[in-house]
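Only one structure is covered here, and it is reproduced in the block below.
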Amino acid sequence: MFLTPYSITLPLASIVDAILKGERWAIAKAISILEDDGVQAREIVGMIFKHSGNARVIGVTGPAGAGKSTLVGKMIGAYRARGFKVGVLAVDPSSSISGGAILGDRVRMQEHALDDGTYIRSMASRGASGGVSSALRDAIRVLDVAGFNRIIVESVGAGQLDVKISSIVDVTIVVLNPQTGDSIQAIKAGLTEVGDIYVVNKADIQGANTLYNDIKSLVVDGRDAIALKTVAVTGKGVDELIDAVEHTLSKKLSNGYKEMVRKRVESELMDIMLSMLSKVVQERIKREDEEHRIIEKVLNKEMDPYNAAERIVAKVIRDE
Ligand SMILES: Nc1nc2c(ncn2[C@@H]2O[C@H](COP(=O)(O)OP(=O)(O)OP(=O)(O)O)[C@@H](O)[C@H]2O)c(=O)[nH]1
Ligand SMILES: [Mg+2]
């Protein structure tokens, strides 16, 4: 069935068998392979894809230091108490610079590290040529087929990624805190449209009520969203948060879910196609330069950049 050499196919197939049995070593191995983004990654996806689609995925995003990891740690406990198996993927934009954030997340979530119904993993947002979105979508699939029925994705709201997350997950939680003027930050970072649930964390700190009221009036009112207050360090408000997530999930499932999933598939295909095309175009521009000195022609003003680009695109389309 697989056209790859036997020596590669066999271990992958046994990794996939082990994933389907929920074995942790296999999950870890598979996600590492996905991060490397080679042929093996595609083969794994090919083998698990038909089994996927059972888990519900919850995105937790928001500015750095808002308390996302602490909150996710408490959410794990609350979901475990309700009998769910919980997978956590922490997408970590800073890990290419230092391992500090990963370590911090592990510490905050470590009380669950030995629990069989919990799997926690940090993913670097660098690397994969399809961008973090593809590796993340596939890592979610791995946890999904391994039997985790609630998967939480933590990402720092540091730009594009947080907005993208909302097109990958089922429910998006935006976490803000009163320490850093977060209502303005949220508005600036484009977080006002992506959230289903807005959490004002650190409700034990002065300014939480003001932020909560601002978020309610600026972001939530008039939209189909929920605002909540939590104290992640103590777990206060976390049960209400889980209730809100589950309420939002069942509402979405009964109304417009098919359309949402359809859009999600479309956006995944776009990501994959653009990444494939980008490789083709990169190779092509190299070849055009070698064969026709195309870059030099633009440099020498023999051709304008649009003309040059158009010529290359035309050749790519005609597959010359
Ligand atoms: N007072 C108070 N501090 C909190 C609360 N929740 C989290 N913190 C503290 O806020 C700091 C940041 O918490 P994290 O959970 O690491 O925040 P984060 O949003 O995951 O941070 P990044 O992943 O770095 O963006 C830690 O020192 C926490 O102990 C809370 O409810 N109240
Ligand atoms: Mg964190």
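Bear in mind these aren't lab numbers, they're just calculated from the coordinates by the rules spelled out. Given the structure is predicted, the values throughout are model-derived calculations rather than measurements. Cβ: placed from backbone, ideal geometry, glycine included. Neighbour counts: every protein chain shown.
Taking every alpha-carbon pair within the range 274-320, the share separated by more than 16 Å comes to 34 percent. Normalised by 2.2 N^0.38 Å, with N the number of residues, the alpha-carbon radius of gyration of the range 218-314 equals 2.01. Applying 1/(1 + (r/R0)^6) with R0 = 25 Å to the Cβ-Cβ distance of residue 82 and residue 218 gives a FRET efficiency near 0.20. Among the trypsin sites (Lys or Arg not before Pro) within the range 225-298, those in coil by DSSP and having at most 16 neighbouring Cβ atoms inside 10 Å are 293. Distance between the C-alpha centres of the range 245-320 and the range 214-230: 36 Å, rounded to the whole angstrom.
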